[in-house]
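Asker: Below you will find the structure I want to go over with you.
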Amino acid sequence: MMTRSTKEQEIKALAEKFNKAKAAFIVDFKGMKVEQVTQLRKKLHPVESEMKVVRNTLARRALKDHPEMEKAISGSFKGTNAIVFAYGDVSASAKLLSTFSKDVELLQLKTGVMDNQAMDAGRINYLATLPTKDVLRAQFLGVLQAPASKLARTLNEVPASLARVLNAKATQA
């Protein structure tokens, strides 16, 4: 049994995690084996995320400091829940949860919150299809470089075509 001071410390720690996280996802892990939960936690670590199994009442109390988040997800705290806090790239965390839930069908994505907006399982799965931040940056840089590289190729083509014409004349003679 948890003492009152232990509960208060747990609530304070959860409130700090909610404050620090860019997004939080609530998952139902009922029926999963310990090895599967451990494997999920190990996979979450490289994408700057962590999974925390908490009591529903303690999670609701921790959300009192975050009214927008509370409004978005507090109704989802029923049954066995774990909260996945995404501190880094949110789409990478969503992608990992989505693929893991397809591999281990006992893991169910319930809901989530990002930028104080509620997300159902469908929106989380859609978020998982988006490219990561690094891929988006690379695509954007490619778009920015395209006009300059096309101009350089075009300018380079003028002397190259002149050289080909001269070479063709030289071989004819």
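Asker: Could you check G122 against (1) touching a residue at least 40 places away in the same chain (Cβ under 8 Å); (2) surrounded by fewer than 10 Cβ atoms within 10 Å (Cβ to Cβ); (3) of a type in the set (G, A, S) and say which number it fails?
Answerer: (1)
Asker: Now for a different question. Among the residues that make up the range 107-123, is at least one of them assigned by TED's automatic domain parsing to the domain that holds A15 and farther than 14 Å from F25 by Cβ?
Answerer: Taking every residue of the range 107-123 in turn, at least one turns out to be assigned by TED's automatic domain parsing to the domain that holds A15 and farther than 14 Å from F25 by Cβ.
Asker: Please go through the range 1-24 and give me each residue that is in a loop (DSSP other than H, G, I, E, B) and either in contact with a strand residue (DSSP E or B) (Cβ under 9 Å, 6 or more places away or on another chain) or of a type outside the set (A, V, I, L, M) (or both), ordered by number. It would help to see each step written out before you state the result.
Answerer: Here is the first cut: in the range 1-24, the ones in a loop (DSSP other than H, G, I, E, B) are 1-3, 21-22.
The answer is T3, A21, K22.
Asker: I would also like to ask the following. So in the range 30-42, with the set limited to residues that are in contact (Cβ under 8 Å) with a residue 12 or more places away in the chain, surrounded by fewer than 19 Cβ atoms within 10 Å (Cβ to Cβ) and touching a strand residue (DSSP E or B) at 6+ places or on another chain (Cβ under 9 Å), which one is nearest to K110 (Cα to Cα)?
Answerer: Ranking the qualifying residues of the range 30-42, first place goes to K30.
Asker: T99: more than 19 Å from A13 (Cα to Cα), assigned to a helix (DSSP H, G or I) and without any contact (Cβ under 8 Å) to a residue 40 or more places away in the chain, yes or no? Step through it out loud before you land on a result.
Answerer: Values: more than 19 Å from A13 (Cα to Cα): yes; assigned to a helix (DSSP H, G or I): yes; without any contact (Cβ under 8 Å) to a residue 40 or more places away in the chain: yes.
Considered against the rule, which asks whether it is more than 19 Å from A13 (Cα to Cα), assigned to a helix (DSSP H, G or I) and without any contact (Cβ under 8 Å) to a residue 40 or more places away in the chain, T99 comes out as yes.
Asker: Right, next: Does A72 satisfy being without any contact (Cβ under 8 Å) to a residue 60 or more places away in the chain and either of a type in the set (G, A, S) or outside the structural domain of A121 (by TED's automatic domain parsing) (or both)?
Answerer: Numbers: without any contact (Cβ under 8 Å) to a residue 60 or more places away in the chain: yes; either of a type in the set (G, A, S) or outside the structural domain of A121 (by TED's automatic domain parsing) (or both): yes.
So A72 passes the test.
The values are calculated or read from the model by the stated rules, or taken from the named source; none is laboratory data. Model, not experiment: these values are computed from the prediction. Note: ideal-geometry Cβ built from the backbone for every residue, glycine included; neighbour counts use all protein chains shown.
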